Each structure stands twice: as C-alpha cells, then as structure tokens.
Amino acid sequence: MAQHRYLLPEERIPDRWYNIAADLPTPMPPPLAPDGSPLQPEMMTAIFPMELIGQEVSQERWIAIPDPVREIYALWRPTPLYRAVQWERALGTDCRIFYKYEGVSPAGSHKPNTSVPQAYYNAQAGVTRLATETGAGQWGSSLALACSMFGLECKVYMVRVSYDSKPYRRVMMETWGSTCVPSPSPETNAGRAILERDPESTGSLGIAISEAVEDAATREDTNYALGSVLNHVLLHQTVVGQEAVEQMRMAGAEPDVIVGCVGGGSNFAGLAFPFLAEKFAGRDMRIVAVEPAACPTLTRGHYGYDFGDVAGTTPLLPMHTLGHGFVPPAIHSGGLRYHGMAPLVSHLVHTGQVEAHAYPQRECFEAALGFARAEGIIPAPEPTHAIRQVVAEVERAREEGAARTILFNLCGHGNFDMAAYESYLSGRMVDLELAQEELDRAAAEVAGMPAVG
C-alpha cells in the first residue's frame, strides 16, 4: 500500500446511512405544499416511492442499507482516501491535506451513491421508468447506470449549455440505455413555455427539474429521481463521510477543516455530515462549503421558502435561494448552477454550523491545475472550488503560524471536461459574477413566499 493511500476492506462498506436530522442542535423548518399549507407525505406519492418518502421525513439516526444496494456499492466502495503529499510539497506547507476520491465509481463521481438506492426502491415499488434532470451530466449518467442495473427506462433532461458542451456525458447515458434531451425541450409544457419566451435559452437546473417533474407526474409508469437537495439524497451520500471518518483514524489524523463544493449540496453533505455529528458532540473543527461566485446561493442569496423548480410545481423548501426563476450564467461547473440549496445545508449555514465561501471560476481552475500536476488526477470542474478553498486554508494557516489537517471531497474526475480546461489554458475563460440588480430581482421574486420561522 502506498504511504499516502488509505483503503478499507470491502466488508467495511457502511451498512447504514447516517441521518443528520436526528442530531441537529436546532430543528429544521418543515417543507410546505406549493400553496403554503403543511406538506403531507402522501402528497409526494405521485413522483416518489414510499420508502424514499419515509427517508425524506425520517428522524431516525440510522437507516439500514439494503443488501442489493450494498452489493452494487461493492463495485467501487469503499473509495480511497489519499494524503496529498506531492501537493503539500508543491504548496510548501506543513499542513496535512487529505482527499476522499469519489471519481473511482463507474460513472466517475459520487452520484451513484444515491442513484443506485433510488433505482432500487423504485424497482421494488413496481415503477418501470424514471425521469430526471442533470446539470453537467454526472447525475444523469449515474442514474442511467443505476437504471440499467435494475431494468428501468430512464429519461434525462440535460441543461442545454451542458448538453452542448459535454457531449460525452450524453453518450455515457445512451450507452447505459437512457434517453437524453436538451432542456428546455419542446417535450413538456414547462419546456415549451421557456422556449416561447427565450428560444435561445441556455437552460438551468430549475428548468430541467420542472420538465422532469412534469414528465413523472403525467405518466403512471414513471417516477422522478433527484440527484441532490432533498434529505433522502443527502442521506445516501453519507457512506462517503462514514468511510472517511474511519480512514482518517487509520491515518492517525483528525481534520481541523473539512471542505466541499456545493451546488445542491449532496457531495458536501456526504463527506461533512458524519463529521458534523462529531462537531455537535464537542469536537473543534471548521466545516466549509464552497460555491461559484456566478451562482452565490449561500453567500449572497435569500434564506426563506422557495420552489425547487422554475415552474413552481415542487414543494416550498426552506433554503438559501437566488429565486426559482434565476438562470445562472453558463459557467463550466454545470453541477453547481442551481438557484437553491439543500434545506439541511442551508439550515446548517443559517445556524452557524457551516461556513460558506464563493470563488470565480478562473481562480478555481488555477488551483486545480496545481493539484493535477502534483497528484495526477484531473478534477471535475465542480470540486475545483473545494481545491481553491484548500489553497486558501493553507494560506490562512501560514499567516497564523499553524499546521492544520485539511480534508476535502474530490467528488469526481474531469476526464470528460477537457473543454473546460482548454478554455482556461487558452485564456478564453472569463469570470462571471452577479450584479446586485440580479440579486435584487431574485429577492423580489421570493418576497411573497412564507417566511422561515
């Protein structure tokens, strides 16, 4: 075993998911129905199986992972934890830097951790087809993989800007037997309405969600699957952090700082939530969520109730939001272009348990090049934000004369994202930040929504 790689044996794959809702120091505000009334679990049965609805509202600390799901997890889990020794040397730091690498999954990211159980529970419920959205394509390809394993049809609405710029993600989905269309599409009422207003729309996750939810709600054989944001999705990802807790102990290290990128919140939650349980119990550590400056949901958004989609068909979620009508700029981190944030992550930021920072994309790609040239792994555009924050943590430690232990989630590889790296290397990449008037417009959109109590 290489000195800086920490592996767990296959039998140490977690057999339970960790539900942070059971341990929150302050309770989270509940979701509401679209009309503002209390949301009842049975209202979600049109698009979700009861097992996932139960997980969504559960207050149980541990939820058992079904054996068929663990058997598929064993294709790539446990994933390795690395100490970034070469990058530490390149940065000239005494800090110890570790990363949990989720790019070893068949789809190349953390997303199969939830796509597999979602496909399993739907198949168990007799559903034969799933509809979903995807931003950069990691989620769409992961659901396509899972559906192929359980014999389900899969329809993916892929945000137009990513559909055009990341064709090999689409080919992955088609290779696994799924159908992928650019969103907004002419196949749904939601898509047609957007195209009528803006025929050249680059799309957004909020638009694609509207299309996928409409697809699922109008077909008896179809349910909806979501790759981030909701409680049950974040729950499934906690296999990442559970393994990392054990692997850090193998390395004889305790993290002082834990970092993850955030778009909807799933990869960040997967790593951070099991460590947050230790923070709640009194361990001193900082937990940092990092987002794009072009889509600054946590750092500049409004905290309140909002729809999860553009058409306003989802429940009202208590979250940081830029307004459900917001269409983010066409940055390369397609998986982070979402107007809202997971309610659990939003609540943790709002209550001061988690910090939030934002960076422009060129700074992130600059940091990613340094990491790639030292460690050999080319990161997906999304975790470049976490890598940029690690650099900031190293600089902070140097200024304070401290030597800290830093852990971050490298949630996927960038082997299908070479166009993004070419854009940076050629000098064509530009930084996009939101003008205040855009934020004011978003704030006005949610002004009439229920307030978070």
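Read-outs throughout are calculated quantities, based only on the coordinates presented, and are distinct from any laboratory measurement. Please read all numbers here as calculations on a predicted model, not as lab measurements. Heads up, the Cβs are rebuilt from the backbone with ideal geometry, glycines too, and the neighbour counts pull from every protein chain shown.
Side notes on the structure shown:
- For the chain, the Kirkwood radius over C-alpha pairs fed into Stokes-Einstein at 4 °C and 1.567 mPa s yields D = 60 µm² per second.
- Candidate cross-link partners of K111 among the lysines, defined by an alpha-carbon separation under 21 Å and a same-chain spacing of 8 or more, comprise K100, K155, K166.
- Neighbour-limited loop hits for chymotrypsin sites (Phe, Trp or Tyr not before Pro), segment 247-295 (at most 10 other Cβ within 10 Å; DSSP other than H, G, I, E, B): none
- Sites N415 and E153 - FRET efficiency at Förster radius 35 Å, r taken between beta-carbons, to 0.05: 0.80
- Taking every C-alpha pair closer than 8 Å and separated by at least 6 residues, the mean separation divided by the residue count of the chain gives a relative contact order of 19 percent.
- Ranking N19, Y424, A402 by Cα position along the charge dipole of the chain, where only Lys, Arg, Asp and Glu carry charges on their C-beta atoms, puts A402 farthest toward the positive end.
- Only Cα pairs under 8 Å and 6+ residues apart enter the sum, and on that basis the relative contact order of segment 178-315 stands at 23 percent.
- Here E71 and D440 are evaluated by their C-beta separation; at R0 = 60 Å the FRET efficiency comes out at 0.70.
- Evaluated at q = 0.09, 0.19 Å⁻¹: base-10 log I(q)/I(0), Debye formula over Cα of segment 167-305: -0.42, -1.22
- Contour excess over end-to-end distance, with Cα ends at T175 and W62 and 0.36 nm allotted per residue: 37.1 nm
- Lone cysteines, the chain (no partner Cβ under 4.7 Å): C95, C180, C261, C295, C364, C411
- Amide hydrogen neighbours beyond the local backbone of C95, cut-off 5 Å, H modeled: R404
- Radius of gyration and Dmax over the Cα atoms of segment 220-367, both given in Å: 15.8, 52
- Projected over every direction and averaged, the convex hull enclosing the alpha-carbon atoms of segment 54-100 yields 5.8 nm².
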